[in-house]
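All remarks here apply to the structure that follows.
The values are calculated or read from the model by the stated rules, or taken from the named source; none is laboratory data. What you see is a predicted model; the values in this text were computed from it and never measured. Neighbour counts run over all protein chains shown; Cβ positions are idealised from the backbone, glycine included. All accessible areas refer to the heavy atoms of the entire protein, side chains included, with ligands and DNA or RNA removed. Shrake-Rupley method; radii C 1.70, N 1.55, O 1.52, S 1.80 Å.
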Amino acid sequence: MTLETFFIHLNNNSLPIALLVFAAPWLIWILCHWIPGQWEEPFLLSLNIALATASVVLWAGYLAYASNTGGWQAVVKQADMLLLLLPPYYILSSIWVARQRMPLSQVPAFRTLQGIGILAAVYLILSWLSRRVYIIFFSYMPFSAFLWILAGLLGVAYIGYRIVIGPPPKYPPET
């Protein structure tokens, strides 16, 4: 299965997928209420946030691919608006549900989500810089200042990497 056939399959089955994605955070909320536990609840909340993160990554990948191949006009004409609005809803509602159930520092997937977000932001800034760096750029800014900015961005990326790879939180939390 190629990525194109996967997205076509998603588009063809948009209503059941939309209902499932819309209900997922609330099903996790109910499950956490029925099965509270020291490791069960963080596991369920982490699973939900991980699925929400995967949906946002697929959403961003689709938007990047569709906008690069056909432009934003093609995205507006061809895309299912319900499927385009669901991933941001899913990630925000999943974080809200997790925050209501327990502190986010105790949900392992939230730490990973933070690190991936920082790495993605630094990647986007670096890719934007790489497209904008011309000889004219260096005539306005000293090369050493550019290297300091680049080192700072790489330092922020390393912080994001350490957040993703860092030690897991203690269970149960120390009081």
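Values computed for the structure shown
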{"item": "Out of ALA66, ALA50, ALA54, sole residue that is free of Cβ contacts under 8 Å to residues at least 60 places away in the same chain and either part of a loop (DSSP other than H, G, I, E, B) or within 15 Å of LEU113 (Cβ to Cβ) (or both)", "result": "ALA54"}
{"item": "Long-range neighbours under 7 Å by Cβ, at least six apart or interchain, first residue within 14 Å of TRP59 (Cα to Cα) within the stretch 3-15, second assigned to a loop (DSSP other than H, G, I, E, B) and open to solvent by less than 60 Å² (accessible area, probe 1.4 Å)", "result": "ASN11/ASP80; SER14/ASP80"}
{"item": "Hey, TYR89 at pLDDT 85 or above and either more than 26 Å from TYR158 (Cα to Cα) or not in a helix (DSSP H, G or I) (or both) or not", "result": "yes"}
{"item": "Single residue of the stretch 19-71 satisfying the filter (over 13 Å from TYR89 (Cα atoms) and among the β-branched types (Val, Ile, Thr)) that is farthest from the chain's Cα centre (by Cα)", "result": "ILE35"}
{"item": "Condition met for LEU45 (farther than 28 Å from ILE163 by Cβ and either in contact (Cβ under 8 Å) with a residue 12 or more places away in the chain or open to solvent by less than 80 Å² (accessible area, probe 1.4 Å) (or both))", "result": "no"}
{"item": "Cross-chain or 6+ apart pairs with Cβ under 6 Å, the stretch 81-102 first and more than 17 Å from PHE43 (Cα to Cα), then among the aromatic types (Phe, Trp, Tyr) and in a helix (DSSP H, G or I)", "result": "PRO87/TRP59"}
{"item": "Condition met for ILE125 (β-branched (Val, Ile, Thr), in contact with a Leu (Cβ under 7 Å, 6 or more places away or on another chain) and open to solvent by 50 Å² or more (accessible area, probe 1.4 Å))", "result": "yes"}
{"item": "Residue match in the stretch 111-123 (condition: part of a helix (DSSP H, G or I), over 24 Å from SER55 (Cβ atoms) and either of a type in the set (Val, Ile, Thr) or modelled with pLDDT of 75 or more (or both))", "result": "no"}
